[in-house]
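What follows is one structure encoded as structure tokens, with my remarks underneath.
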Amino acid sequence: MRKIGMSFLTAFSLYSRIPMPQIMWKKEDQKYCLCAFPFIGLVIWGLQYALKYFMVTWLCWQDIYVAIGLALVPILVTGGIHLDGFMDTCDAKSSFGDKEKKLQILSDPHIGAFAVIHLLLYVAVYMLGLWNSMYYLADFRGMAFYGTTFVYARVLSGLLSATVEKARKDGMLVAVAQEDGKSTAQKILVLEGLLCIALLLILDMRIGTMLILVTLFYLLLFANKIKKEFGGVTGDLAGYLLCMTECISILVIALCYGLGWC
């Protein structure tokens, strides 16, 4: 029980801004941190559902304002840690440098012009997808489907972190994706992923099937690409995958709903 509790404590302390008890961590306490990581997605969904209910039922706000509110929740919960990884990765990829140069850019705390440009594009595309999905999100089933994508995105990010070789020998990802606990973490993450897939298919077979196929294809493509360009995975690259999975998910929902596939 202590290992489970410490896994949740470390995961929520590292990957969210939710207040957690301040304790001294041991190396073994972070061994299965990635297994608890997807549960932050559940918190995001719960807060989004409550916010949407309040904004629609009590304030009677228009869809565009509700969409903005929903988009802000993940950023406020996580503190933007994954968007930081997304921006660092965009800077590194846009440099067209060699492997060492790209890894150096990932470690650079400064922000580049390409990071800002890609962030603006990301926000625009995500908001376009979310705004055009508001009718789909009008009922509980739609919100449940949307909320599951946040859990699912963290499962895929966790699997990437626990499966692909690390690009660096140090860093936060090395601490939370330890080699001696990798096999167990992979099995638990696969189980969590299967549960997410089952729930997505139960909630909406057509959109769920399309979303799963597209995101898994992107995961395989991205994993292969970072091995060649970076020599493995880092925390920033895992954050980039998470952000892209969330964006792809809402775009699939918007596109499929627009085509009447629900």
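The values are calculated or read from the model by the stated rules, or taken from the named source; none is laboratory data. None of the values given here were measured: they were computed from a predicted structure. We place every Cβ from the backbone using ideal geometry, glycine too, and count neighbours over all the protein chains shown.
In segment 41-54 there is no residue that is surrounded by 14 or more Cβ atoms within 10 Å (Cβ to Cβ) and more than 21 Å from the chain's Cα centre (by Cα). Screening segment 206-254 for residues that are hydroxyl-bearing (S, T, Y), within 15 Å of the chain's Cα centre (by Cα) and part of a helix (DSSP H, G or I) and picking the one that is surrounded by the fewest Cβ atoms within 10 Å (Cβ to Cβ) gives Y218. The set of residues in segment 86-116 that are among the hydrophobic types (A, V, I, L, M, F, W, C) and either touching a helix residue (DSSP H, G or I) at 6+ places or on another chain (Cβ under 7 Å) or without any contact (Cβ under 8 Å) to a residue 12 or more places away in the chain (or both) comprises F86, M87, C90, A92, F96, I105, L106, I111, A113, F114, A115.
Scan segment 224-250 for residues that are closer than 10 Å to L156 by Cβ and of a type in the set (G, A, S) and jot them down. Once the filter is applied, which keeps residues that are closer than 10 Å to L156 by Cβ and of a type in the set (G, A, S), segment 224-250 yields only A238.
Output the residue which, of all residues in segment 18-41 that are assigned to a helix (DSSP H, G or I) and without any contact (Cβ under 8 Å) to a residue 60 or more places away in the chain, is farthest from Y135 (Cα to Cα). Across segment 18-41, the extreme among qualifying residues is E28.
Of the residues making up segment 66-110, those that are surrounded by 13 or more Cβ atoms within 10 Å (Cβ to Cβ) and on the phi > 0 side of the Ramachandran plot are G79, G80.
Residues that are of a type in the set (A, V, I, L, M) and in contact (Cβ under 8 Å) with a residue 12 or more places away in the chain within segment 124-143 comprise V125, M127, L128, L130, M134, L137, M143, listed in sequence order.
Given the criteria at pLDDT 95 or above, among the aliphatic types (A, V, I, L, M) and not in a loop (DSSP other than H, G, I, E, B), does L173 qualify? No, not satisfied.
The combined condition, being out of contact with any His (no Cβ under 6 Å at 6 or more places or on another chain) and either outside any helix (DSSP H, G or I) or at positive phi (or both), is not fulfilled by I44. Of the residues that make up segment 245-260, is at least one modelled with pLDDT of 95 or more, closer than 23 Å to K101 by Cβ and out of contact with any Leu (no Cβ under 9 Å at 6 or more places or on another chain)? No, that holds for no residue. Selection of first residues in segment 193-212 that are over 18 Å from L156 (Cα atoms) and at pLDDT 95 or above and of second residues that are surrounded by fewer than 20 Cβ atoms within 10 Å (Cβ to Cβ) and among the basic types (K, R), restricted to Cβ pairs under 6 Å at least 6 apart or on distinct chains, gives the following pairs, ordered by first then second residue: L203/R141. Just one of the listed residues (C60, C33) is in contact with a helix residue (DSSP H, G or I) (Cβ under 6 Å, 6 or more places away or on another chain) and not charged (D, E, K, R), and it is C33. Looking only at residues in segment 111-132 that are within 19 Å of the chain's Cα centre (by Cα) and more than 21 Å from I81 (Cβ to Cβ), the one that is surrounded by the fewest Cβ atoms within 10 Å (Cβ to Cβ) is A124.
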